[in-house]
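Q: I have a structure here, written as structure tokens, and I will follow up with some questions on it.
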Amino acid sequence: MMAAVAQMNSTVLLASVFLSIPLNTFAMCAVPPPCIRYAFHHGEPTFIGIVLSEQTVPDVIEFGPPRTVQGVTFRVEEPFDGTPGTTEVVYGEGIVYDLHFKVGDRYLVTGSRGKDGKIRTSRCTGTAPVSEAAEDIRFWRSLPTQVGGSIFGIVRFVSPGVQVGTVAGTITESGDDGDHKTRVKSSGSYEVTGLAPEDYRETFTPDDASTEFVALKRTIPVNGSCAASGVRLGNVSVSGNVIDDAGKPIPSMNVLLFYTLDGKFHPDDFLRTRTDALGKFKFDRVEAAKFILAAEPANSGMTFFPGTRDASRTEVIQVEDGKALSALTVRVPAP
């Protein structure tokens, strides 16, 4: 749906994931797991090396005010990715999280090569002394044997007040090779592994409700990488009915609630339910947010609340914590 909402959900999830990472290792940098860093930075210089020399170098940063950083020459002992040479020169980023490399010490270096060809790194990219990087080193050494990648996340309540239901349910990642399913743990966490590099549609199907939570694009970009996801549950119900031009109820029709931050239709992340025999629908555990409501006939395009096929003319629905919305009617025009 909106890329903004997808990004927001991922950011919130990543923040919760980062909280479980020992911060003393990274000097308060929120460094994601190595498989996530690999998803976005595969092909960038990554190696274990020993410092041969270091010096203070001025003005190597391409942007910002003048500053000085370390320029460090490494002998590459174990290359992993994007490291063609037996020696590499690496620069700090000129930030508080720069490392202070010491001659003779060994480091796992994960950097990025700028347009000027220089490799830059800091604690925030995952660079660390070898003695502090055991988990990352295991990941890099295991890459040749990795089969596919993984998508992980947390199903959690984000709204205050009474929690309706539980996080029990099933996560399904749907790709070109079919559906991959896993049960959500009692803690709300889940992980689906062995996924080939491609885009997946993620669906959370709760055990105790008809409302499904769907994200259309969760991406595994390269073998061995992973993607962070997550499902946000609220405490509000949204209900109504779907009728045709004559006012007759339409049973067994998909009804969708699309997240929207800007009031525009973005079909990426949404809640899904179906009308019953009387044309009534109900969404459970909706969080406080803005939504676009739509019905999805099988023989025509979507109809947006209250009764238009033009998404720009729909009425945006504002959901507030603890305030149920009801009696919303979507009138589906004739094909």
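Q: Given the conditions (1) under 20 Å from R274 (Cβ atoms); (2) surrounded by 15 or more Cβ atoms within 10 Å (Cβ to Cβ), report the number of the one that N223 does not fulfil.
A: The single condition N223 does not satisfy is (1).
Q: Moving on to the next point. Run down S174, S112, S131 and say which single residue is farther than 20 Å from P221 by Cβ and hydroxyl-bearing (S, T, Y).
A: After ruling out the rest, the residue left standing is S131.
Q: Shifting gears a bit: I need a count of the residues in segment 321-335 that are exposed (fewer than 12 other Cβ atoms within 10 Å of the Cβ) and at pLDDT 95 or above.
A: Total meeting the criteria: 2.
Q: Which condition number in (1) surrounded by fewer than 16 Cβ atoms within 10 Å (Cβ to Cβ); (2) more than 22 Å from V222 (Cα to Cα); (3) under 30 Å from the mean Cα position of the chain (by Cα) is the one that R141 fails?
A: Every listed condition holds for R141 apart from (2).
Q: Considering each residue of segment 261-279, count those that are on the phi > 0 side of the Ramachandran plot and outside any loop (DSSP other than H, G, I, E, B), and give that number.
A: Matching residues across segment 261-279 total 0.
Q: Only residues that are modelled with pLDDT of 90 or more and either more than 14 Å from G92 (Cβ to Cβ) or part of a loop (DSSP other than H, G, I, E, B) (or both): list them for segment 42-66, please.
A: H42, G43, E44, P45, T46, F47, I48, G49, I50, L52, S53
Q: Does R75 satisfy being outside any loop (DSSP other than H, G, I, E, B), within 30 Å of the chain's Cα centre (by Cα) and either outside the structural domain of T46 (by TED's automatic domain parsing) or not aliphatic (A, V, I, L, M) (or both)?
A: No: the conditions fail for R75.
Q: What number of residues within segment 89-128 satisfy the criterion of being of a type in the set (F, W, Y), assigned to a loop (DSSP other than H, G, I, E, B) and either under 14 Å from V72 (Cα atoms) or at pLDDT 95 or above (or both)?
A: The qualifying residues number 1.
Matching residues to (1) in the same structural domain as D321 (by TED's automatic domain parsing); (2) crowded, with 17+ Cβ neighbours inside 10 Å; (3) in contact (Cβ under 8 Å) with a residue 24 or more places away in the chain; (4) under 16 Å from the mean Cα position of the chain (by Cα):
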position	(1), (2), (3), (4)
V167	yes, yes, yes, no
G175	yes, no, yes, no
D179	yes, no, no, no
Y190	yes, yes, yes, yes
T193	yes, no, yes, yes
E198	yes, no, no, yes
E202	yes, yes, yes, yes
P206	yes, yes, yes, no
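Q: Give segment 283-317 a look and list any residue that's closer than 22 Å to R156 by Cβ, surrounded by fewer than 20 Cβ atoms within 10 Å (Cβ to Cβ) and not basic (K, R), or say none.
A: E287, A288
Q: Could you please let me know if M2 is surrounded by fewer than 14 Cβ atoms within 10 Å (Cβ to Cβ) and at pLDDT below 80?
A: Considered against the rule, which asks whether it is surrounded by fewer than 14 Cβ atoms within 10 Å (Cβ to Cβ) and at pLDDT below 80, M2 comes out as no.
Q: Just to check your reading of the model, which residue among L256, L261, L271 is closer than 13 Å to S239 by Cα, in contact (Cβ under 8 Å) with a residue 60 or more places away in the chain and either in contact with a His (Cβ under 6 Å, 6 or more places away or on another chain) or in the same structural domain as K217 (by TED's automatic domain parsing) (or both)?
A: None of the others qualify; the one that does is L271.
The values are calculated or read from the model by the stated rules, or taken from the named source; none is laboratory data. Bear in mind the structure is a predicted one, so any value in this text is a computation, not a measurement. Neighbour counts run over all protein chains shown; Cβ positions are idealised from the backbone, glycine included.
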